[in-house]
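Worksheet: one structure, shown below.
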Amino acid sequence: MLELYIDDKKCDLAGNETIAIDYAIFSLQDISARKGTRGYNFILPDTANNRVALGIPAEIDNISRTPYRKLKARLYSDGVDLNIRVATLENTKDGYGINLYGITSDFFEQIKNKNISDINLTTYDHDYTLANVVGTRLNNSVFIYPIINYGADGSTMNNTAREVDSVGLLPAVFADTVLQKMVEETGNTYVNNMDNVAEYTTNKLLMPCVSQYIGVKYNAVFNFDTDTPCRTSALGYINPMNVSSINTYAGTYWALPYPTQYTYQTMVTPANGLYFQDNINCKFRLTLILDNTSGGNALLRVFMSDGASSNGHTLEIISRIIPVGAATYVFEIDMNDSAFSIFNNQRTLIFFPVSAAGAGLVVKGGSTLEVYEADESATVIYNTRIKLSSALPDFKQSDFLKAYCQLYFVIPVPNESKKTVTLRRFDEIAENRNNAVDWSDKLDLSEKPEISFTPNGYAQLNRFLWEADDNEIQPPGTNGEWLIDNENLEPENETVSLSFAPTNTSLQLKGIPVPEIGIIEAGEFKNSKTPRMLLLAHTPLSELADTSDFTYKHGGSTSVFTGTDTIPLCRFIDTSKTYNLGFGNSILPLFGRTIFEVVEDFKQVTCLFKLNAVDINQLDFFKPVYVKHFNAYFYINKINGYQPDGNESTEVELVKLF
């Protein structure tokens, strides 16, 4: 007996409807393409129960949004759950046209229009200093400053000395951190089964910074701790508000104590202002506690000046009538909409309150000034604040996930009920041979099985490519080729083409192979590069051919490491290692082995099986199916049109594994 529930309401079934469902998770012929569970459209009868469950959709003037929603659904056969989780209403005429779907997730919909630089890494924003470069050298998550030669002209390191100026190193973000944050920001838990692979966990995947533009973050809240009378002196002098403490801070344009400002013409006393290192666009939010004891209304006027002694300019930003008494007022100032700009960069903004009514109006201590929406992409400057997410390339989250899956032959599997997104390896199917499900007794040979020999999506010559970055050298083994002895396939195909570039290596720092990403010339950032991926290798100095000490330096400061101390080396390809990022060097034999063996001797068997509700309920695409008649193990490519209330066998597409 079938039972259908929509929005927890049991629906009425006519008893003669045909409910047919396809089950799949991915196609072996394109593992990066998503598949799922989907039912064919069927008609639900027009009954009182069904009208309520579907929001009375046949009424034209009905304002219910139910017909426009993905509705929670469950389908049971004799009490066995058939893994249906969503229903949609397609139309209504002589009943209601219903579509059923499996354990779906809106994960892919949520990430498709977001960049990886949109990921919130604010917690890890940090000052670009020697201490942080050195202090993160042992990191295995979030970010690290790996040893990379960013000098295009030998200006950042050489092969005669084992020392690196920290100003020549840039942050790299761990790929797993990006994936984890990307998943968590959609409300799911991240699980990566690549963590079960020793090579992968030993050498973490990094995305190094390839741009000079790492956003410097300016957002902050500052305090006016002392009272400021809103007055103009007899000589026309005005009184500045004194920025005296910091509340919250995420920028580098200030330093305590704030620079004491000049006494110049219209100022009563010197004051601390806000020092900006760039001419940025931002917004100000002035929260002023005002006390008017003048006995009548007072006109508050607030001016902003850039504090230049010779060519400074001033803008009136507030004009407001303030009644008698004490109250808090909030004023918003958008620098993007004003004619005011900070001349010549590196200027200090000062705020001056003036009352047209003379004495009696005071800005009380406890007032604040917030600077917000001030994130700016600027050339990174040593000893300034780095916005870590800006170190990531301009890449769509969905494209990055696809590239990662193509690189490691993994499949993203969202589970809405468990709120997880799991990256599963195709190799898991082969590794599950001992857990295979025996369908031998379910095979229906009333129709002769069909066997096909040509896999879609592949060619006789399959190319796996990294993107070329101008005329840079590609290490041998960067790209890979895979030949299939099947003359019925197209001659050749770019099976995988990543939007990341390979990275060449040269000997630096007394014989250490160091990746080269040349974006610095003569100590200055000159350009940006195509996004890269590298493998991290925490390496003890004692394991190097030359065991000399390693020195980080900047100015007169140094940090020296020796003996068994480790340094964060990285690589794209090191021919002395068995795990590298070159398709031809190691990726294809390490991670593509199972799928290659299957496609090289491709046999897809389409045949009938007598499946029941328990088979569907316990379906696991990562467990092989054994069929004695064929004396073989198979991957379930697709189940076509399973009818839980029917007596007919179900068509299943199986791909031979071994």
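The values are calculated or read from the model by the stated rules, or taken from the named source; none is laboratory data. Owing to the predicted nature of the structure, the values given are computational and were not obtained by experimental measurement. Neighbour counts are summed over all protein chains in view; Cβ atoms, including those assigned to glycine, are modelled from backbone coordinates with ideal geometry. These area figures cover heavy atoms from the full protein model, side chains too; ligands, DNA and RNA do not enter into them. Shrake-Rupley method; radii C 1.70, N 1.55, O 1.52, S 1.80 Å.
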Item to check | Residue that is under 30 Å from CYS607 (Cβ atoms) and free of Cβ contacts under 8 Å to residues at least 40 places away in the same chain, where the choices are THR454, THR495 | outcome: THR495
Item to check | Criterion (modelled with pLDDT of 95 or more, in a helix (DSSP H, G or I) and not hydroxyl-bearing (Ser, Thr, Tyr)) met by exactly one of ILE567, ILE587, ILE573 | outcome: ILE587
Checklist entry - Restricting attention to region 494-512, which residues are exposed (fewer than 15 other Cβ atoms within 10 Å of the Cβ) and assigned to a strand (DSSP E or B)? => result GLU494, SER497, SER506, LEU507
Item to check | Residue list for region 175-201, restricted to those being closer than 20 Å to ILE147 by Cα and either in contact with a Phe, Trp or Tyr (Cβ under 6 Å, 6 or more places away or on another chain) or free of Cβ contacts under 8 Å to residues at least 60 places away in the same chain (or both) | outcome: ASP176, THR177, THR201
Checklist outcome for this item: Only unsatisfied item for ASN462, checking (1) assigned to a strand (DSSP E or B); (2) under 23 Å from THR495 (Cα atoms); (3) under 23 Å from the mean Cα position of the chain (by Cα), is (3)
Checklist entry - What residue, among those in region 294-314 that are of a type outside the set (S, T, N, Q), modelled with pLDDT of 80 or more and surrounded by 11 or more Cβ atoms within 10 Å (Cβ to Cβ), is nearest to the chain's Cα centre (by Cα)? => result MET304
Next on the checklist: So in region 71-115, with the set limited to residues that are in a loop (DSSP other than H, G, I, E, B) and under 30 Å from LYS387 (Cα atoms), which one is most open to solvent (accessible area, probe 1.4 Å)?
Outcome noted: ASN113
Checklist entry - Restricted to region 413-431, and to residues that are under 18 Å from the mean Cα position of the chain (by Cα) and in a strand (DSSP E or B), which residue is surrounded by the most Cβ atoms within 10 Å (Cβ to Cβ)? => result VAL421
Checklist entry - Failed condition for VAL560, given (1) aliphatic (A, V, I, L, M); (2) within 24 Å of THR503 (Cβ to Cβ); (3) touching a Ser or Thr at 6+ places or on another chain (Cβ under 6 Å), with all others met? => result (2)
Item to check | Positions within region 331-374 being among the hydroxyl-bearing types (Ser, Thr, Tyr) and at pLDDT 75 or above, in sequence order | outcome: SER367, THR368, TYR372
Checklist entry - strands (runs of 3 or more DSSP E) wholly in region 199-267 with at least 2 residues that are at pLDDT 65 or above and open to solvent by 60 Å² or more (accessible area, probe 1.4 Å) - which ones? => result 245-249
Item to check | Enumeration of residues in region 116-151 that are among the polar types (S, T, N, Q) and open to solvent by 10 Å² or more (accessible area, probe 1.4 Å) | outcome: SER117, ASN120, THR122, THR123, THR129, ASN132, THR136, ASN139, ASN140, SER141
Checklist entry - If we scan region 52-62, do we find a residue that is in a strand (DSSP E or B), open to solvent by 80 Å² or more (accessible area, probe 1.4 Å), out of contact with any strand residue (DSSP E or B) (no Cβ under 6 Å at 6 or more places or on another chain) and touching a residue at least 12 places away in the same chain (Cβ under 8 Å)? => result no
Next on the checklist: Can you tell me how many residues within region 574-603 are open to solvent by less than 20 Å² (accessible area, probe 1.4 Å) and not aromatic (Phe, Trp, Tyr)?
Outcome noted: 11
Item to check | Qualifying residue in region 397-412 (condition: more than 30 Å from SER211 (Cβ to Cβ) and either at pLDDT 70 or above or not in a strand (DSSP E or B) (or both)) | outcome: yes
Item to check | Top-ranked residue of region 465-485 - restricted to ones that are surrounded by fewer than 17 Cβ atoms within 10 Å (Cβ to Cβ) and assigned to a loop (DSSP other than H, G, I, E, B), ranked as farthest from the chain's Cα centre (by Cα) | outcome: ASP485
Item to check | Residues satisfying the stated conditions in region 623-658, i.e. assigned to a loop (DSSP other than H, G, I, E, B) and either more than 11 Å from ALA436 (Cβ to Cβ) or touching a Ser or Thr at 6+ places or on another chain (Cβ under 6 Å) (or both) | outcome: LYS628, HIS629, PHE630, ASN631, GLN643, PRO644, ASP645, GLY646, ASN647, GLU648, SER649
Checklist entry - Within region 3-51, can you find the residues that are open to solvent by 30 Å² or more (accessible area, probe 1.4 Å), at pLDDT 90 or above and either under 22 Å from CYS405 (Cβ atoms) or part of a strand (DSSP E or B) (or both)? => result GLU3, TYR5, LYS9, LYS10, ILE43
